[in-house]
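Peer 1: Would you mind keeping the following structure in view while I ask a few things?
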Amino acid sequence: MACENCPMRRRFEQWPKSLIGRIWFWHTSWCPGWKRWISSLDPAEREALLSRIRALRDKS
C-alpha cells in the first residue's frame with residue numbers, strides 16, 4: 001500500500017488525536033516505506049506535507 005493513499009494516514013488527517021492517527025504518526029518515525037516515499041517527493045512538496053502533518057499533530 002502506498003503511503004500517499006494510506007487509510008491510516010487519512011485517519012490521522014481527519015482525527016489526529018485518535019488512537020489510529022497517533023499510531024500512524026508514531027510508525028512514520030521508523031517505517032522504511034514512509035522514509036523512502038517521503039524522500040522521493042520534491043523538496044517543496046515534502047516540506048508542505050510535513051508542515052501540514054506537524055500542524056495537525058500540534059492542533060488541540
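Peer 1: Which order results if 12, 25 are arranged by neighbouring Cβ count within 10 Å, fewest first?
Peer 2: 25, 12
Peer 1: While we're looking at this one, here's another question. Mean residue ellipticity at 222 nm from the helices of the chain, using -39,500 (n - 2.57) per DSSP H segment of n ≥ 4 over the full residue count, to the nearest 500 deg cm²/dmol?
Peer 2: After summing the helix terms and dividing by residue count, I get -21000 deg cm²/dmol.
Peer 1: If I model a spin label as a point 7 Å beyond the Cα along the Cα-Cβ vector, how far apart are those points for residue 34 and residue 10 in nm?
Peer 2: My value for the distance between the label points is 1.8 nm.
Peer 1: Another question, if that's okay. Could you list 53, 23 in order of exposure, starting from the residue whose Cβ has the fewest other Cβ atoms within 10 Å?
Peer 2: Neighbour counts put them in this order, fewest first: 23, 53.
Peer 1: Additional query: Which entry in (1) 3.8; (2) 5.5; (3) 4.3 is this structure's computed mean projected area of the Cα convex hull in nm²?
Peer 2: Comparing each candidate, only (1) matches the computed number.
Taken together, the values in this text are just the output of simple stated rules run on the coordinates, not laboratory data. Remember, it's a predicted structure, so these values are computed and weren't measured experimentally. Note that we place each Cβ from the backbone using ideal geometry, even for glycine, and neighbour counts take in every protein chain shown.
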